[in-house]
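*Asks:* Please read through the structure below; I'll follow up with questions.
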Amino acid sequence: MAKNMDMTQGPIMKLIVLFALPICAGNILQQLYNTVDTLVIGNFCGTQSLAAVGTSGQPVELLLCIFMGMGTGVSILVAQFTGSGNLEMTRKAVATSISFLYICAIPLSFLGVLLSPLILGLMAVPEDVWDYCMSYLNIIFLGTLGNMGYNMNAGILRGLGNSRASLFFLLISCIVNVVLDLLFVAGFHMDVAGAALATSIAMFCSWFFSIFYIKKMYPELAFTWLPKHLEKSIMGQILKIGLPLGLNNSIYSIGHILLQTLINTQGAVFIAACSVGSRLTGMANVAINSFSSAATTFAGQNMGAKAYRRLHQGAKQIPFFSALFTAVAGLLLTIFCQPVLYLFTQENDVLAMATRYIQIVMPFTWFFAAFSAMLSFANGLGEVRYPTIVNILMLWVIRIPVAYLIGQWIGGTYIMACYPISFFCGMVGMLIFFLTPQWKRIPKQ
């Protein structure tokens with residue numbers, strides 16, 4: 001059996017860092033995975049192609065977000081069952097997740113292809129970018145099963161306390177993506193269609209390798225390639241935890257589409273600049289998902305083990321160190337942003353806009369790091385309602401209205417300032433969670 005991390009005993013931050021490091025390295029690879037598309041497109045294709053890659057992520061996010069919430073629900077359940085030592089329930093949760101994957105992924109592949117034109121129309125995608133977006137999305141959605149399958153299996157492994165295996169899967173996927181990007185885009189001149197094809201093939205590779213790994217290293221889970229059993233009671237628990245998270249993701253994605261619509265109205269240059277700028281913010285934010293995933297697993301395992309004193313200690317330490325790491329990374333990339341941006345594009349107008357994006361957003365992403373760690377910690381406890389409400393308010397009451405106001409009063413090319421403002425409000429909202437009855441019911445000893 002593979003070595004899992006027991007987060008119910010031992011030094012908290014040592015465990016968190018050891019758990020988070022492979023995820024952090026995986027996030028770096030994931031950023032490289034996405035960045036390679038942008039680098040290759042930016043250097044071998046035009047501004048419209050670069051803009052298409054930047055704006056096409058929103059339709060994919062919208063259609064897959066509910067399932068991703070369910071995947072988080074599976075991870076939380078596996079963590080809680082692992083913490084309580086209940087192998088039988090862990091096995092049932094895994095079997096149910098396999099069935100749920102196929103029930104969702106195959107229909108979503110076709111639904112994505114059908115709905116992409118409607119979503120792009122609502123996003124006010126410029127005419128000179130439209131065909132590139134459609135070409136990219138039609139191929140990306142055909143890779144839905146591989147994308148969702150990998151993310152589901154990675155969540156199961158994290159719930160078990162194994163964060164290292166996903167790093168290996170991502171490394172394989174990243175290598176495949178880089179090689180195929182250069183082959184399809186630079187070699188065969190397939191433009192954005194080549195980048196999409198490379199990404200889809202790479203995700204399927206990650207999924208296949210994750211299945212081989214789980215079957216070999218965790219035979220006691222009886223993991224299968226195809227669905228065999230769906231436990232109704234487990235599915236009910238997954239829905240109870242995952243559906244609010246998925247709906248929250250869905251509402252969040254709609255908000256992202258509205259923000260992308262504002263960006264799209266500024267033209268292809270600004271779209272391309274935001275696409276490049278978001279890649280750099282992603283680099284600075286690699287610690288956020290890592291510490292957040294660790295927070296979910298830590299909270300789930302210790303809640304299952306009834307280790308309440310450790311929960312109180314972890315609730316303070318994890319958000320603090322996540323914010324600290326992100327602040328340092330954000331400061332460094334803000335200072336050295338221009339030479340890094342130059343790797344993506346040499347067009348002066350795009351570079352100027354991307355630099356503005358970085359200088360406005362990057363220094364304040366540590367707000368989001370603290371917010372995300374606290375939110376994930378609460379989710380790991382099974383308390384998904386409060387974080388969902390805070391997340392929705394952060395987007396719909398703060399970020400979107402602020403973006404529109406900035407566009408009206410200051411100028412559309414400054415709307416990215418809505419991000420740090422909403423990050424701060426979200427952080428304050430999650431701090432208030434620790435004053436609620438849901439948290440106070442957990443004893444300190």
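*Asks:* Just the Cα atoms of region 1-126, one point each, no solvent: what log10 I(q)/I(0) does Debye give at q = 0.17, 0.18, 0.19 Å⁻¹?
*Replies:* Normalising to I(0) and taking log10 leaves -1.09, -1.14, -1.18.
*Asks:* Here's another thing I want to ask about it. Tell me the trypsin sites (Lys or Arg not before Pro) within region 362-445 that lie in a loop according to DSSP and have at most 16 other beta-carbon atoms within 10 Å. Intermediate values should be presented prior to the final figure.
*Replies:* Values: sites: ARG385, ARG399, LYS440, ARG441, LYS444; in loops: ARG441, LYS444.
The qualifying sites are ARG441, LYS444.
*Asks:* Still on this model: What is the chain's relative contact order, in percent, from Cα pairs under 8 angstrom and six or more apart in sequence?
*Replies:* Reported relative contact order: 24 percent.
*Asks:* Over the Cα atoms of region 165-215, how large are the radius of gyration and the largest Cα-Cα distance (Dmax), in Å?
*Replies:* According to the Cα coordinates of region 165-215, Rg and Dmax are 11.9, 39 Å.
*Asks:* Measuring from the lowest to the highest alpha carbon on each principal axis, how far does region 369-419 reach, largest first, in angstroms?
*Replies:* Ordered largest first, region 369-419 gives principal extents of 42, 18, 9 Å.
*Asks:* Where does the chain land at 222 nm, in deg cm²/dmol rounded to the nearest 500, when only DSSP H runs of n ≥ 4 count, each adding -39500 (n - 2.57), divided by all residues?
*Replies:* -27000 deg cm²/dmol
*Asks:* Taking all protein chains in place and a 1.4 Å probe, what share, in percent, of the accessible surface of the chain do carbon and sulfur account for?
*Replies:* Details: 12210 of 17820 Å².
Carbon and sulfur: 69 percent of the exposed surface of the chain.
*Asks:* Please compute the alpha carbon radius of gyration of region 303-429, then divide it by the globular-protein estimate 2.2 N^0.38 Å. Two decimals is fine.
*Replies:* 1.27
*Asks:* Additional query: Residues in region 350-369, backbone N under 15 Å from the label point at VAL328 (7 Å along the Cα-to-beta-carbon vector): list them, ranges by number please.
*Replies:* 366
*Asks:* Right, another one. Using only the Cα atoms of region 94-209, what are the Rg and Dmax in Å?
*Replies:* Here Rg and the maximum Cα pair distance are 15.9, 47 Å.
*Asks:* Compare the Cα positions of ASN153, ALA124, LEU114 along the charge dipole of region 13-161 (+1 at Cβ of Lys, Arg; -1 at Cβ of Asp, Glu; about the Cα centre) and return the one farthest towards the positive end.
*Replies:* Sorting the options by dipole projection puts first ASN153.
*Asks:* In the chain, if the dipole is taken from +1 on Lys/Arg beta carbons and -1 on Asp/Glu beta carbons about the Cα centre, which of LEU332, PHE320, VAL269 is farthest to the positive end?
*Replies:* Checked the options; the winner is PHE320.
*Asks:* Ranked highest first by the average count of other Cβ atoms within 10 Å around their residues, in what order do 190-202, 48-60 fall?
*Replies:* In descending order of packing, they fall as 48-60, 190-202.
*Asks:* Taking only Cα atoms and a 10 Å spring cutoff, compute GNM fluctuations for the chain and point out the largest among GLN80, GLN260, GLN338.
*Replies:* Maximum fluctuation in the GNM of the chain, among the listed residues, is at GLN338.
*Asks:* Sorted from largest to smallest, which semi-axis lengths in Å does the alpha carbon gyration tensor of region 74-162 give for its equivalent ellipsoid, taking the root of 5 times each eigenvalue?
*Replies:* Computed over region 74-162, the values are 37, 12, 10 Å.
*Asks:* Round to the nearest 0.05 the FRET efficiency obtained for ASN138 and PHE168 when R0 = 25 Å and r is the Cβ-Cβ distance.
*Replies:* Rounded to the nearest 0.05, the efficiency is 0.25.
*Asks:* Given R₀ = 56 Å, FRET efficiency for LYS440-LYS215 by Cβ-Cβ distance, to 0.05?
*Replies:* 0.85
*Asks:* Something else now. Are any of the pairs LYS14/LYS440; LYS216/LYS444; LYS228/LYS440; LYS92/LYS306 more than 32 Å apart by Cα-Cα distance, and if so, which?
*Replies:* Too far apart for the 32 Å limit: LYS216/LYS444; LYS228/LYS440.
*Asks:* Now, a different point. Order of 365-372, 233-240 by packing, highest average Cβ count within 10 Å first?
*Replies:* 365-372, 233-240
*Asks:* What number comes out for the charge environment of GLU383, summing +1 per Lys or Arg and -1 per Asp or Glu over other residues with Cβ under 15 Å away?
*Replies:* Value of the local net charge: +4.
*Asks:* Under a 1.4 Å probe, what is the accessible area of region 341-414 per residue, stated in Å²?
*Replies:* 43 Å²
*Asks:* Normalised by the residues of region 165-313, what does the relative contact order come to in percent, with Cα pairs under 8 Å and at least six apart? Please list the in-between numbers first.
*Replies:* Working: 56 pairs, mean separation 18.7, N = 149.
Here the relative contact order equals 13 percent.
*Asks:* Rounding to the nearest 10 and keeping the result within 0 to 90°, find how far the Cα-based axis of helix 191-217 lies from the longest principal axis of the chain.
*Replies:* Result, in degrees: 10.
*Asks:* Let me ask something else. Over region 27-100, with the other protein chains present, what is the accessible area per residue in square angstrom, probe 1.4 angstrom?
*Replies:* Working: 2070 Å² over 74 residues.
Ligands and nucleic acids excluded, the figure is 28 Å² per residue.
*Asks:* Also, quick follow-up: For region 159-257, what is the charge dipole size about the Cα centre, in debye to the nearest 20, if Lys and Arg each add +1 at the Cβ and Asp and Glu each add -1 at the Cβ? Spell out each step's value before the answer.
*Replies:* Values: 6 positive and 4 negative charges, 82 e Å.
Here the size comes out at about 400 debye.
*Asks:* Hey, if you drop one equal point scatterer on each alpha-carbon of region 194-291 and run the Debye formula without solvent, what base-10 log of I(q)/I(0) do you get at q = 0.13 Å⁻¹?
*Replies:* -0.89
*Asks:* Ranked highest first by the average count of other Cβ atoms within 10 Å around their residues, in what order do 135-145, 427-437 fall? Don't jump to the answer; show the numbers that get you there.
*Replies:* Numbers: 135-145: 22.0, 427-437: 15.2.
Going from most to least packed, we get 135-145, 427-437.
*Asks:* Would you compute, for the Cα atoms of the chain, the largest minus smallest coordinate along each principal axis and list the three values in descending order, in whole Å?
*Replies:* Computed over the Cα atoms, the extents are 57, 45, 35 Å.
*Asks:* For region 149-195, what is the accessible area per residue in Å² when the probe is 1.4 Å?
*Replies:* Dividing the accessible area of region 149-195 by its residue count gives 34 Å².
*Asks:* Report Rg (one decimal) and Dmax (nearest whole number) for region 237-289, counting Cα atoms only, units Å.
*Replies:* Final numbers for Rg and Dmax: 15.0, 46 Å.
The values are calculated or read from the model by the stated rules, or taken from the named source; none is laboratory data. Here the structure is a predicted model, which means the values were calculated and not measured. Virtual Cβ from ideal backbone geometry, glycine too; neighbours counted across all protein chains shown. Protein only, heavy atoms only, side chains kept; ligands, DNA and RNA dropped before computing areas. Shrake-Rupley method; radii C 1.70, N 1.55, O 1.52, S 1.80 Å.
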